[in-house]
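Here the structure is laid out as C-alpha cells; the discussion comes afterwards.
The values are calculated or read from the model by the stated rules, or taken from the named source; none is laboratory data. In this text the structure is predicted, and so the values were computed from the model without any measurement. Here the Cβ is made from the backbone with ideal geometry for all residues, glycine too, and neighbour counts use every protein chain on show.
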Amino acid sequence: MDRISAVCSLIRPCGCLADIGCDHGLVARYALDNGVKEVIAADISEGSLKKAKKLLDGYPNVTYRLSDGFDGIEKKADVAVISGMGGRTIADILSRLTYKPQLILGAQHNQKELREFLIQNGYAIEEDFCVCDRGKFYDFMRANEGQSPPLSAAQLYYGVFYKRKNPDLKAYMLDQKAKLESYKPTQSNLYKLELVKEVLIWQE
Ligand SMILES: C[S@@+](CC[C@H](N)C(=O)[O-])C[C@H]1O[C@@H](n2cnc3c(N)ncnc32)[C@H](O)[C@@H]1O
C-alpha cells in the first residue's frame, strides 16, 4: 500500500475534517469524495496551500487556511489528519490544540514519542500499522479521546498491534535488525535489538 492510500484508509465519513499539512491536497480530496461533508485544508506553506487549491478546484465544501498547526483555525473539526511529518512535530502541533478531535496520524520517524504523547494526553490508539512505501517505513494511527491501557516498550516503539501479522512490519523489523547488528553495541542499541527480536517472534 502506498503512503497516501494508507492514511486515507483510516478516514470515515464525518462532518468536518481538518487536514493539517495538506500540501498536495490528495488526502482532502479523498475525504470529500468519501463521505466527509466539509474539509479545512491547512498548511504552514503558501506554496503547499496553492497546490491543494489547484487540486481541489471546484469542490464546494473546502476552507483554506495558511496556518501553523491549528493556530489559524477557529472551527472545531470532528477529525484531524496530520500526516507526512515526524512524530515530534505532530506531537508539538497537538500540544497546542485545546480540544480533542479524532486523530488520523502518519509519522515517518519518532513514532515512540508520538505514541507516548497520545497516551499521556487523553488519547487511546485504536488503529496502528506500519506501511513500507518505496523502501521507506511509515506508521499510521487512528486515535480517539479516551484512556489508553499502559503500553509496553515494544508497543511504544513498533506499534500497539505489533503482534498482528503485517509483512511491511516484518520487513521493517528485518531492516532494523540488520542495522542495529551493524551498529556499535551500546546499551541503547542492544535494548532496541531486543525489542525488534520480540516483534519478530510474532511476525515470523
Ligand atoms: C511531506 S508533506 C505531507 C503532505 C500530506 N499531509 C501527506 O501526508 O502526504 C508535509 C506538509 O506539512 C506542512 N507542514 C509542516 N509543518 C507544519 C505545521 N506546523 N503546520 C502546518 N503545516 C505544516 C508542510 O508545509 C508540508 O506541506
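Yes/no matrix, rows are residues, columns are (1) in contact (Cβ under 8 Å) with a residue 60 or more places away in the chain; (2) in a loop (DSSP other than H, G, I, E, B):
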| site | (1), (2) |
| --- | --- |
| E38 | no, no |
| G47 | no, no |
| K51 | no, no |
| Y64 | no, no |
| G69 | no, yes |
| G72 | no, yes |
| A77 | yes, yes |
| S83 | yes, no |
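Those residues that are out of contact with any Ser or Thr (no Cβ under 9 Å at 6 or more places or on another chain), buried (at least 20 other Cβ atoms within 10 Å of the Cβ) and either without any contact (Cβ under 8 Å) to a residue 40 or more places away in the chain or of a type in the set (V, I, T) (or both), I need them from the range 98-137; list them, please.
Those that are out of contact with any Ser or Thr (no Cβ under 9 Å at 6 or more places or on another chain), buried (at least 20 other Cβ atoms within 10 Å of the Cβ) and either without any contact (Cβ under 8 Å) to a residue 40 or more places away in the chain or of a type in the set (V, I, T) (or both): L114, D128.
Of the conditions (1) closer than 20 Å to E113 by Cβ; (2) surrounded by fewer than 21 Cβ atoms within 10 Å (Cβ to Cβ), G69 satisfies every one except a single condition; which number is it?
Among (1) closer than 20 Å to E113 by Cβ; (2) surrounded by fewer than 21 Cβ atoms within 10 Å (Cβ to Cβ), G69 violates only (2).
State all residues of the range 93-113 that are of a type in the set (G, A, S) and part of a strand (DSSP E or B); if no residue qualifies, say none.
Passing the criteria: G106, A107.
A quick yes/no check of all residues on (1) in contact with a strand residue (DSSP E or B) (Cβ under 6 Å, 6 or more places away or on another chain); (2) of a type outside the set (S, T, N, Q); (3) within 11 Å of the ligand (Cβ to nearest atom):
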{"position": "Y64", "(1), (2), (3)": "yes, yes, no"}
{"position": "E113", "(1), (2), (3)": "no, yes, no"}
{"position": "D128", "(1), (2), (3)": "yes, yes, no"}
{"position": "D133", "(1), (2), (3)": "no, yes, yes"}
{"position": "F140", "(1), (2), (3)": "yes, yes, yes"}
{"position": "N144", "(1), (2), (3)": "yes, no, no"}
{"position": "P150", "(1), (2), (3)": "no, yes, no"}
{"position": "A154", "(1), (2), (3)": "no, yes, no"}
{"position": "Y157", "(1), (2), (3)": "no, yes, no"}
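Please give the number of the condition L26 fails out of (1) crowded, with 18+ Cβ neighbours inside 10 Å; (2) closer than 20 Å to A143 by Cβ; (3) near the ligand (Cβ under 9 Å from one of its atoms).
Answer for L26: the failing condition is (2).
Give the residues of the range 138-175 that are charged (D, E, K, R) and either farther than 15 Å from Q120 by Cβ or free of Cβ contacts under 8 Å to residues at least 40 places away in the same chain (or both), sorted by residue number.
D139, R142, K163, R164, K165, D168, K170, D175
Can you find even one residue in the range 183-197 that is hydroxyl-bearing (S, T, Y) and crowded, with 20+ Cβ neighbours inside 10 Å?
No: zero hits.
Just to be sure I understand, how many residues within the range 31-45 are within 11 Å of the ligand (Cβ to nearest atom) and not β-branched (V, I, T)?
So the answer is 4.
Is it the case, given these coordinates, that I90 is modelled with pLDDT of 95 or more, within 15 Å of I4 (Cβ to Cβ), within 13 Å of the chain's Cα centre (by Cα) and not in a loop (DSSP other than H, G, I, E, B)?
Here the answer is no, as I90 does not meet what is asked.
Answer yes if at least one residue in the range 46-57 is touching a Leu at 6+ places or on another chain (Cβ under 9 Å), more than 10 Å from the ligand (Cβ to nearest atom) and not aromatic (F, W, Y), and no otherwise.
yes
How many residues does the range 7-21 contain that are within 11 Å of the ligand (Cβ to nearest atom) and either outside the structural domain of E46 (by TED's automatic domain parsing) or part of a loop (DSSP other than H, G, I, E, B) (or both)?
Count: 1.
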